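Data block below; observations after.
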Amino acid sequence: MKILTCTTPGQLDYGTADVPQLKPGNALLKIKRIGICGTDLHAFEGTQPFFSYPRILGHELAAELIEAGDAKGFEKGEAVTFIPYFNCGHCIACRSGKPNCCVNIQVCGVHTDGGMAEYLQVPSHLLVHGEGLSFDELALVEPLAIGAHGVRRADVKPDEFVLVIGAGPIGLGIMEFARIAGAKVIAADVNEQRLNFCRENLKVDYTINVKNEDVSERLKEITNGDMPTVVIDATGNQKAINGAFLYLAHGGRYVLVGLQRDELIVSHPEFHKRESTLMSSRNATREDFEHVIRSMKNGLVNPQTYITHRVTFDEVKDQFESWLNPAKGVIKAIVEV
């Protein structure tokens, strides 16, 4: 089978490998769609934490099920996706029902080789039924589940103001599920094109261009001086993450979905006087995947609005670097295999 490997930062190379021989407890997938996410782009740049080279990228996947292994209720030939966080099942996190932050986690396409290949073998207990969704839609379930998980971590309530910093694909998913939870969503970004997307496609209540506006003053104006009770970062930018502590209402919750390599720096008095709650949000759970699929089926989320670029597998190497350029306006690039 054909594969595409990120051999070093800035370098992708096509190659061949044997079709995986099915191991007990695993399922064999024929990859149909690959979504390109920030993790893939950061790995290509050389800025992704928890990463080593060479690596076959790709974990936002839709596939045809070739062999189900011991997965009950699944049939050969059905359209599926899967939860790409391979957990150990016995650590403190797994025993606590939090496999998404397993001590020994192996994320497909990050710690282990991923789906930029014609076939992929995955643990059969991580399969997710396609529920009649298209391959395009199924490839978007995982990134939207990241957003849904962040919103669930924040315990978003109806009518509260939720500030989402970063209008990339993950941030957009956070906005969608905050809206579904009944929140009044505020989108903040430096890219006016992305903010236009929020207004036109997601019907976000308020947008703030961080480059051109005084963020604190705009937030006071929007919230009648209260400030947002929930702030969720989806930038992975140190300056943005550290600065956003000051945007939080007293008694508010700050959730870090974005990840950066350096230190988290906060004024302790500013954090303390607010009696703030700080949380990280890592990956997603089956509950989040199912919530996303239900939301798609019920018409609450239109995943097709996210797909701005589409290429074949043979075109990925030549096109990949261009997706790092903000001028290209990439929201979500999809690879057809």
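Quick look at the values:
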{"item": "Positive-end residue of Val107, Ala249, His309, charge dipole of the chain with Cβ unit charges", "result": "Ala249"}
{"item": "From phi via Karplus (6.51, -1.76, 1.60), per-residue ³J(HN,Hα) for region 35-51 in Hz, x at Gly/Pro", "result": "x, 8, 10, x, 4, 5, 5, 5, 5, 4, 6, x, 10, 8, x, 6, 10"}
{"item": "Protection proxy ranking, peptides 299-309, 156-166, average beta carbon neighbours within 10 Å, highest first", "result": "156-166, 299-309"}
{"item": "Cα gyration tensor, region 1-132 - rounded (a/c under 1.5), prolate or oblate", "result": "oblate"}
{"item": "Residue-averaged [θ]222 nm for the chain, counting only DSSP H segments that reach four residues, each worth -39500 (n - 2.57)", "result": "-7000 deg cm²/dmol"}
{"item": "Residue of Gly236, Gly225, Gly38 that the Gaussian network model of the chain assigns the largest fluctuation, springs spanning Cα pairs under 10 Å", "result": "Gly225"}
{"item": "Rounded if a/c under 1.5, otherwise prolate or oblate - region 40-97, Cα gyration tensor axes", "result": "oblate"}
{"item": "Under 5 Å, built H, 5+ apart or other chain: amide partners of Cys88", "result": "Asn104"}
{"item": "Shape call, region 181-249: gyration tensor on alpha carbons, a/c limit 1.5", "result": "rounded"}
{"item": "For region 257-336 versus region 1-61, the gap between their alpha-carbon centres in whole angstrom", "result": "18 Å"}
{"item": "Cα-Cα over 23 Å, subset of Lys211/Lys328; Lys184/Lys332; Lys157/Lys332; Lys184/Lys239; Lys220/Lys273", "result": "Lys184/Lys332; Lys157/Lys332; Lys184/Lys239"}
{"item": "Heavy-atom accessible surface of the chain: percent carbon and sulfur, 1.4 Å", "result": "48 percent"}
{"item": "Computed magnitude of the charge dipole of the chain (debye, nearest 20; Cβ of K, R +1, Cβ of D, E -1)", "result": "560 debye"}
{"item": "Amide H contacts of Lys184 (H built 1.01 Å from N, under 5 Å, at least 5 apart or other chain)", "result": "Asp159, Glu160, Phe161, Val162"}
{"item": "Loop-located GluC sites (Glu not before Pro) in region 213-288 whose Cβ has at most 11 other Cβ within 10 Å (DSSP)", "result": "Glu263, Glu275"}
{"item": "Table column - 3J(HN,Hα) (Hz), region 297-302, Karplus curve with 6.51, -1.76, 1.60, x for Gly and Pro", "result": "5, 8, x, 7, 10, 10"}
{"item": "Simple spin-label estimate for Leu300 and Glu67 in nanometres, 7 Å along Cα-Cβ", "result": "3.8 nm"}
{"item": "Estimated vicinal HN-Hα couplings, Hz - region 114-121 in sequence order (Karplus 6.51, -1.76, 1.60; Gly, Pro = x)", "result": "x, x, 7, 7, 6, 9, 9, 9"}
{"item": "Cα-based reach from Lys2 at 14 Å (exclusive), listing aspartates and glutamates while leaving out same-chain residues under 8 positions away", "result": "Asp13, Asp18, Asp113, Glu118, Asp314, Glu315, Glu336"}
{"item": "GluC sites (Glu not before Pro) within region 1-95, DSSP loop, no more than 10 other Cβ atoms inside 10 Å", "result": "Glu75"}
{"item": "Accessible surface, per residue, of the chain when the full set of protein chains is kept, probe 1.4 Å, Å²", "result": "44 Å²"}
{"item": "Counted charge near Ile241, where neighbours are those whose Cβ lies closer than 13 Å (Asp, Glu -1; Lys, Arg +1)", "result": "-1"}
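The values are calculated or read from the model by the stated rules, or taken from the named source; none is laboratory data. These figures come from a predicted structure and were not determined experimentally. For neighbour counting, all protein chains shown are included, and Cβ atoms are generated from backbone atoms with ideal geometry for every residue, glycine included. Heavy atoms of the whole protein, side chains included, go into the accessibility calculation; ligands, DNA and RNA do not. Shrake-Rupley method; radii C 1.70, N 1.55, O 1.52, S 1.80 Å.
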